[in-house]
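Trainee: Submitted below is the structure of interest, expressed as structure tokens.
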Amino acid sequence: MAGILTYALHYEGAFNKNSLGAVGEAARLAKELGTEAHVLVLGEDVSDELAGSLGGYAAQKVFKVTGPEGLAQPVIDAMAQVMESEGHDYALFGGGLLGFEIGAGLAARLDAGVTMEVTNVSVEDGKLVAERPILGDSAISESRYKGRGIIIGRLNAFEVPQSTGDSAPVESVDAQFSPWSTKAKMVQRGEQRGADVNIEDAQILVAGGRGLGKAEGFDQLQTLAQAFGGNSAVAATRAVVDAGWYPYAGQIGQTGKTVAPKLYLAAGISGAIQHKVGMQSSENIVAINKDANAPIFEFSDLGIVGDLNKIVPKLTEAIKAKKGG
Ligand SMILES: Cc1cc2nc3c(=O)[nH]c(=O)nc-3n(C[C@H](O)[C@H](O)[C@H](O)COP(=O)(O)OP(=O)(O)OC[C@H]3O[C@@H](n4cnc5c(N)ncnc54)[C@H](O)[C@@H]3O)c2cc1C
């Protein structure tokens, strides 16, 4: 049977948003192909109820595998085994670092074609075609597959459908893990998801980069975001996330989130292409940078050349005054 297999990552009894997006997208595509969308769930203690709840996102069957959760290699083993035995033609992932790792490993294992950073998938002549932006998102390339295809979406590329509350049949699979697949152990798991940093829904984003100088530099951006009030949040570049100044949940860019707020204000950000791809659809882009030649000014609606440590507090005062507080 041809079909599409996805992998759903779960944590503390809930599925990851990207995974649910992939499940919904696989179901949509499978319907168009006249085939089925299946999901693989792997963990030490996954209940049939949780696994079956993926039926609410239109999955037709869920394969449940017992094994170490959150690591790529065991998932690659299990997905390869299920794809071989069930004859799935495609695997679809919702993006994120784990999806990239599993997808790449699966492509190597099955000798399949692989496309990453996919933003759209369509059906043509009974086969899937994956679209991927290239050249700094200025053009779209299309990938078709001679044999099996592994499609890995850009983070949050696939919309999460509303659950219908339906349940899918769950089949337990006894996966054979390769000796090297069980060598890595999950020592600790921490989540930095949207509880306090939810940049995707914010209408105003104040983003900080290495120009802030230190982690405490973000305090002034928090104050500025508070002065804006309403639906505003603070975001960051990868450079400062890697430095431990700000949580990954707030990272914009190629390996972070894609945002499109009404106002995006950059403080101390150079405007590297990997950052630009995550924010270039913002309605209004304002940048503060002490270097008049910083690349960010090339795609800003308003550029302020100067020291952010002087400009941000003044801007905050001005906004507070305008708002009467
Ligand atoms: C595969 C890959 C994926 C990547 N993914 C991402 C991603 O998802 N997101 C991302 O952001 N980056 C990503 N990067 C990194 C990216 O290439 C840049 O290194 C990063 O965006 C730079 O961050 P930055 O602008 O904070 O730092 P810098 O490039 O160091 O820029 C700091 C800026 O601050 C200015 N500045 C310094 N002091 C002040 C001051 N007092 N007042 C005003 N301005 C000041 C400087 O003039 C400079 O322009 C990725 C890179 C690779 C290779």
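The values are calculated or read from the model by the stated rules, or taken from the named source; none is laboratory data. The structure displayed is predicted, hence computed values, not measured ones. In this analysis, Cβ positions are derived from the backbone assuming ideal geometry, glycine residues included, and neighbour counts consider all displayed protein chains. SASA here: full protein model, heavy atoms, side chains in, ligands and nucleic acids out. Shrake-Rupley method; radii C 1.70, N 1.55, O 1.52, S 1.80 Å.
Trainee: Give the angle, between 0 and 90 degrees and rounded to the nearest 10, that separates the Cα long axis of helix 72-86 from the longest principal axis of the Cα atoms of the chain.
Mentor: 40 degrees
Trainee: Hey, another quick one. How much area per residue is accessible in the chain when the probe is 1.4 Å and only protein heavy atoms are counted (Å²)? All intermediate terms of the calculation are to be shown ahead of the outcome.
Mentor: On the way: 15450 Å² over 325 residues.
Per residue, the chain has 48 Å² of solvent-accessible surface.
Trainee: If you don't mind, there's one more thing I want to ask. For the range 121-249, what is the convex hull (Cα atoms) projected area averaged across all directions, in square nanometres? Walk me through the intermediate numbers first.
Mentor: Working: hull surface 57.6 nm².
Seen from a random direction, the Cα hull of the range 121-249 projects 14.4 nm² on average.
Trainee: Using only the Cα atoms, what convex hull volume per residue in Å³ does the chain have?
Mentor: Residue-normalised Cα hull volume stands at 146 Å³.
Trainee: Please compute the Cα-Cα pair-distance distribution of the range 11-88 with 5 Å bins starting at 0, giving whole percents from short to long.
Mentor: Bin by bin from 0 Å, the calculated values are 3, 15, 25, 27, 21, 7, 2.
Trainee: Counting residues in the range 172-325 as N, plug N into 2.2 N^0.38 Å and put the Cα Rg over that result.
Mentor: Cα Rg divided by the expected 2.2 N^0.38 Å: 1.22.
Trainee: Counting only protein heavy atoms and a 1.4 Å probe, tell me what percentage of the chain's accessible area is made up of carbon and sulfur.
Mentor: Here carbon and sulfur together make up 48 percent of the probe-accessible area.
Trainee: Now a separate question. For a quick protection proxy, order the peptides 110-119, 247-256 by their average other-Cβ count within 10 Å, most packed first.
Mentor: 247-256, 110-119
Trainee: Considering every pair of different Cα atoms, what Kirkwood radius, in Å, is found for the range 19-157? Each step should come with its number before you reach the end.
Mentor: On the way: mean 1/r = 0.0657 Å⁻¹.
Taking every pair of different Cα atoms in the range 19-157, averaging 1/r and inverting gives 15.2 Å.
Trainee: Each residue of the range 210-224 in turn: what ³J(HN,Hα) in whole Hz from Karplus with 6.51, -1.76, 1.60 and θ = phi - 60°, glycine and Pro shown as x?
Mentor: So the J values, rounded to whole Hz, are 4, x, 6, x, 7, 4, 5, x, 6, 4, 5, 6, 4, 5, 5.
Trainee: In whole Å, largest first, what are the principal axis extents of the Cα atoms in the range 51-104?
Mentor: 26, 23, 22
Trainee: Ok, one more. Would you mind checking the tilt of helix 17-33 against the longest principal axis of the Cα atoms of the chain, expressed as 0 to 90 degrees and rounded to 10?
Mentor: Once rounded, the angle reads 50 degrees.
Trainee: List the residues whose amide H sits under 5 Å from the amide H of ASN284, counting only those 5 or more places along or on another chain, with H placed 1.01 Å from N in the peptide plane.
Mentor: Hits under the 5 Å cutoff: LEU263, TYR264.
Trainee: Helix 97-110 sits at what angle to the longest principal axis of the chain, using alpha carbons and giving 0 to 90 degrees rounded to 10?
Mentor: Roughly 30 degrees between the two axes.
Trainee: A further question follows. In the chain, what % of DSSP beta bridges are antiparallel (nearest 5)? Display every interim value, and only then the final one.
Mentor: Details: 12 of 59 bridges.
Looking only at bridges with both residues in the chain, the antiparallel portion is about 20 percent.
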